[in-house]
Structure formats: C-alpha cells, structure tokens
Amino acid sequence: MPIKATARYVLGHNNGQHVLLEDACVVYSGDTIEYVGHNYTGPVDEELNLGDALLMPGLIDLDALTDIDHLILDSWAGPEQAKGHQWSEDYFRNRRADVFTAEERQQIRKYALIQLVLHGVTTYMPIASEVHSEWAESFEELVGMAESSRRLGLRGYLGPAYRSGVNVVLENGERSVMFEVDRGREGLADALRFIDHATELNDPLISGVLLPCRIETLDIELLKATAAASEERDVLVRLHSLQGLVERELIRERHGVTPLELLDQVGMLNERLLIPHATYTDRNPAVFGEDRGDLARLADSGASIIHCPLTSMRYGSTLDSFNAYKAAGINISLGTDSFPPDLVRGIDAGVQLAKILAGSNDAGDLAGYFDAATLGGARALRRTDLGRLEPGAQADMVAFSLGDIRDGVHEDPLRTLTLNGTARQAVLSVVAGRTIMADGFIEGVDLDYWRAKAQELFTRMRNAYTLRDALNRPSDELFPPVYARLER
C-alpha cells in the first residue's frame, strides 16, 4: 500500500522544471512516486505529516566526503606551511605506511556515510583523502563501504580511488609528483573488479564507476586506459581536474598542454566524465581572465562539472562564474568535498559568491543552485528518474524543517532554508521508498558512539602528519590553534 507524506511546502516537478506547491503531498509505493499534488483521496497504508517543512528531491552529492574531516586542519595555511601537509620525498621513498588499519578505515567510511544521511544526501559519489594511506584505495575497502552503504540505505556510485603518482614536496622544497606506474595499473584493475562486483550485487542502490584521483597523479597511459575502460563498459569517470595552478603547471610541464586539452587528447572528455571543481578554466583571473573557448569546449563535450562552492570558498577560490558556466550550456552538479556534507550551506556560499563576482544581487541564481543539487546531479549520472518529485520517479526525497523560531519568517521556503538554515534541519530522508532517517535518528545507529569514535580516529590522523612532513614538525606546529592554549 502507498505511503503519503504531507508538508507545508513540496518542491514538485512539472513540464521539465521544479515547481513549488503549498500544503501538498507526495504519495509513493515501493520505490516509485505515484502522485504529487493536493487533495489526494486514495487509500494509503501510512501517513507522514511533516508539518512546517519543505519536502523536496533528495540531495545528490557527487563529491561526497567519506573520510574524517581534514579541511578543519589544512584550509588555514600559507604556501610554505601547506607543504608540511603533503608527503615529503623521503616519506614517499622510504617510510610510507597506512595510518589506519583496514577495520578503522571501514569505521571512517561508516561514520562519513552516517553524516551524509543526517544532512539529507540520498545519492552520493565518494571522495576520501589518500594522504594517510600507503597508496590509494583497495577493492576490499570499497566492498566493505558498499555493504555499509547498503545497510544505511543510501544510493551510491562507488569505486576504489587509484593513481600512479603522489603529490610530494621534494627535498629542494618544490612541489612535484612522484610515480610508481605499476600501482596505477593495479588500481585500475581493482576498479574494474569492483564494477564487476557491483554488477553481481544486483542492487539498484549500488553502481560501479571509475574514480581515479587527481589528473596530475595519473600517467598518460593510465589516463588512456581509464578512458578506454569507460567507453568499453559505458561507465562514468570522475576525475579531479582544472582545480589549481600547481596542477596546471605540472600538466603543462609534463605534457605540453592544458589539463582540459589533455582530457580531450586521451579520449576522456565526453558525456561520461564528471569534473570536480573545474574552477581553473581560461576565464579564471589567475589564468587569462577571459573566455578563450574552454567553456564551449566543456559544453560541447557533454561532460558535467561538480561545483563544490563551500569547499572552494574555504580554500580561497570560486567558480568564475556559475552563471557563465550555466549560460555556456555546461551541466552543473554539486558536491561537498569536505566536512560538513551540507549542500544547503554550499548553495548559500555559491549564491553569495556569484553576487560578489558579478557585482549584482540578481546574479545569485538560487533556482539554478537547487537544480544543480538535484536535476544537475541526476543528469550527470544519466538518471532521468532521480532529482525530481513526479509520478514515475524514484521515491528519493528529503524534508527540511522550517518550524523553529530561529528559522525566521517565511517568504519563500527555499530562500528561508538557504539564508537562515542548514542541512542539519533534515527531519526525513527516503531512498527508493525506504525511510533511512527520521527526526535525526537512523535505525540501529548509535550516534554518540560514532561521535566519540570519529574524534579518536581524527586525533590519530592529525598526529600522523608529522611523519610525512619533511621537517617532522609536531602537529601543534603544523596546525597552530586559533589562540595560544594555556596548560592547567
């Protein structure tokens, strides 16, 4: 029998675009939406009255942190201090090791997935730092994460991250990449093995994809092999690229072309490609400051970008600009990339940055950002049944409460949520018709335990930076406190 969810506001879908309904409902049966609108009179098995809330499509996070928070540590440093957060040349050659055991890495993954659920994310593609791994991610690690994801009920697009090189600080203090190309081949083999594993699971909530690391950490043959595997198996590839000047300089030095040109040369620049960040195109002021064709090239390829506005802002950069990329016809999806996995805060950051860049308040395209968090993500995944609340779509939805006095007044619920709220206001999350979170609770999950466990693991991760730093500085020196701390 169907389930009926009623809320003061429902973000439905009509004629290809989101529309807002007041005092409306969504009716779903199994994993599919049957009805969106007012005054439903058919029989239902259960009714969920969400009250003063916004019920909308589940958020799609295509660069979702599945790790312990590191931005809280490394988003404050200047260029020289930041070198201490990378692998030293000596660490790469002689001393690299896993900071965590296999079991602890699974604990980290589960903690991060719980955070996604609590923040209203229903579909995700994971990202984790490799800095505290001996190399990258293994097949076994992703098998374990897939099982945790299935138990929680999230919709995941998964695969082990792989690379043939590592960003390091050389003995002379310069930034570079050092390679062990065989490790890259092994990583790709693991990734293809996981795609086969995901197929064998036959679970609609788990899909295998290719998730190589940053473009500068892949040698040319691994780039080509990844592109070929994506074409042969018709699977998505997500590759962090166009995200920094160091990357651009390394690629130009090694290959004689820009990162975007390299993606095209190896056969990867197509509709199967997802590019996190994509902030350093030719229109970026740090590159040329004018559009010389990069946006048209991206649009014509059919590739999607994954805009991570909150993380970009915290590292001192931004997309220049959301409106320009959108006007060029580029599909824009959203990601969080760091903690918290809060796309509401991310949307707010993106909207305000767009206003600053344009020098005009009307440049804050709020509808465009909510589209990116839903429809843009679905388009990147090639899933027309995601990202929308309409009959026939998957029953993936999230409700954000707007009933607290601290939420302020209601003029438009999307503006109220963006300007006054956060994704912590999620009170219901449904994936494929299954309620995976209600009123901040996840069945079978002890949130107090996971909070304490995460703090324990984070402390170990923080202390391990000393081992990788070329100067072996203690963590308190690498990550100085805001104010001096007095001893008891």
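By the count of neighbouring beta-carbon atoms within 10 Å, fewest first, Y465, Y162 end up ordered Y465, Y162. Lysine pairs in the chain whose alpha-carbon atoms fall under 29 angstrom of each other, counting only those eight or more residues apart or on distinct chains, come to 4. Rg and Dmax, both from the Cα atoms of region 296-364 and both in Å, are 12.0, 33.
Counted by neighbouring Cβ atoms within 10 Å, the residues K83, K453 run from fewest to most as K453, K83.
Work out the charge dipole of the chain with +1 on the Cβ of Lys and Arg and -1 on the Cβ of Asp and Glu about the Cα centre, then indicate which of A327, S176, T217 is farthest towards its positive end. In the chain, that residue is S176. With neighbour counts taken as other beta-carbon atoms within 10 Å, the residues V121, V168, V26 rank, fewest first, as V168, V121, V26. Shown here: Kirkwood radius over Cα pairs in Å, derived from the displayed model; of the candidates (1) 26.4; (2) 23.1; (3) 25.3, it corresponds to (2). What separates the Cα centres of region 238-266 and region 342-367 is a distance of 28 Å.
Charge dipole (Cα centre; +1 on Lys/Arg Cβ, -1 on Asp/Glu Cβ; no other charges) of region 59-386 amounts to roughly 480 debye. The alpha carbon centroids of region 172-201 and region 90-112 are separated by 16 Å. Each of the GluC sites (Glu not before Pro) that DSSP puts in a loop and that has at most 12 other Cβ atoms within 10 Å breaks the chain; the longest unbroken stretch is 1-133.
Every number in this text was worked out from the coordinates using simple rules, so none of it is lab data. None of the values given here were measured: they were computed from a predicted structure. Every residue, glycine among them, receives a Cβ derived from its backbone with ideal geometry; neighbour counts consider all protein chains shown.
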